[in-house]
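**Q** First the structure, which I've put down as structure tokens, then a few questions once you've had a look.
The values are calculated or read from the model by the stated rules, or taken from the named source; none is laboratory data. Note that this is a predicted model, so its numbers are computed, not measured. When we count neighbours, we look across all protein chains shown, and the Cβ atoms used for this are built from the backbone with ideal geometry, even at glycine.
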Ligand code: ADP
Ligand code: AMP
């Protein structure tokens, strides 16, 4: 199953991806996670990406497309993947199309988790991430039962540097200008499904799985 998860920042892509990974045992490929890891490790990629991430801007296509191409060529992607946060521009979508064609892979579905902008600022500013396993919590909407530690692994929770109110506003306008047009792109390809992301997490997940038209255990 080759799933592309779309949606504005804070829509719940990472939250749904974690559930899909658990059920379908396919890798979660998040360009945001890849960039954060590179920043943490202080690699040349991280140094390049940091200034764009801090400003809530997109990392240039030339950089982003390269890391995704490399990742998709790895053996664990043969049986499926969940792409999260890529593509975000038309150029990225076209590059993805070419890469998948070369790999002989057809996307199963493009699932857009739709949440109105008015709900996203509080989603993003209240987000807390586990330092160890990367799971996302929310101080109000999806709190950890272990307070400042992760429910799943006990790791420490932290707030992402770019999850401030000012940066989120930039990220949302970047989404409108550069990523929103991809909806029409994938609608034309007959791959597009939209899910109401204002529903509770489990209801959103039901919608996502239904859109994939798979049998469940
Ligand atoms: P994205 O990966 O799309 O940026 P996340 O999955 O990190 O979004 O979710 C953003 C925040 O919203 C997190 O704090 C998460 O716990 C919370 N969240 C995710 N899905 C829902 C939902 N359906 N209802 C309420 N809060 C949610
Ligand atoms: P995310 O974790 O998806 O919210 O992404 C965090 C940040 O990483 C974004 O605000 C961008 O700066 C950068 N980023 C992630 N994915 C991409 C992408 N596909 N293209 C360009 N920049 C990206």
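**Q** Within the stretch 88-110, can one find any residue that is modelled with pLDDT of 95 or more, within 16 Å of ligand 1 (Cβ to nearest atom) and over 23 Å from residue 203 (Cα atoms)?
**A** yes
**Q** Next up: Is the stretch 23-37 home to any residue that is in contact (Cβ under 8 Å) with a residue 60 or more places away in the chain and within 15 Å of the chain's Cα centre (by Cα)?
**A** Within the stretch 23-37, one or more residues are in contact (Cβ under 8 Å) with a residue 60 or more places away in the chain and within 15 Å of the chain's Cα centre (by Cα).
**Q** Of all residues in the stretch 124-167 being touching a residue at least 60 places away in the same chain (Cβ under 8 Å) and near ligand 1 (Cβ under 10 Å from one of its atoms), which is surrounded by the fewest Cβ atoms within 10 Å (Cβ to Cβ)?
**A** 160
This table checks each residue for (1) closer than 19 Å to residue 173 by Cα; (2) in a loop (DSSP other than H, G, I, E, B); (3) away from ligand 1 (no atom under 14 Å from the Cβ).
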{"site": "18", "(1), (2), (3)": "no, no, no"}
{"site": "29", "(1), (2), (3)": "no, no, no"}
{"site": "32", "(1), (2), (3)": "yes, no, no"}
{"site": "37", "(1), (2), (3)": "no, no, yes"}
{"site": "47", "(1), (2), (3)": "no, no, yes"}
{"site": "51", "(1), (2), (3)": "yes, no, yes"}
{"site": "67", "(1), (2), (3)": "no, no, yes"}
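**Q** Quick one: in the stretch 182-202, of everything that is part of a helix (DSSP H, G or I), in contact (Cβ under 8 Å) with a residue 24 or more places away in the chain and within 16 Å of ligand 1 (Cβ to nearest atom), which residue is nearest to residue 57 (Cα to Cα)?
**A** Among those that are part of a helix (DSSP H, G or I), in contact (Cβ under 8 Å) with a residue 24 or more places away in the chain and within 16 Å of ligand 1 (Cβ to nearest atom), it is 182.
**Q** Another one. If you take just the helices (runs of 4 or more DSSP H) that sit entirely in the stretch 84-181, which of them hold at least 1 residues that are more than 20 Å from residue 37 (Cβ to Cβ) and away from ligand 2 (no atom under 15 Å from the Cβ)?
**A** Counting at least 1 such residues, we get 90-103, 117-125.
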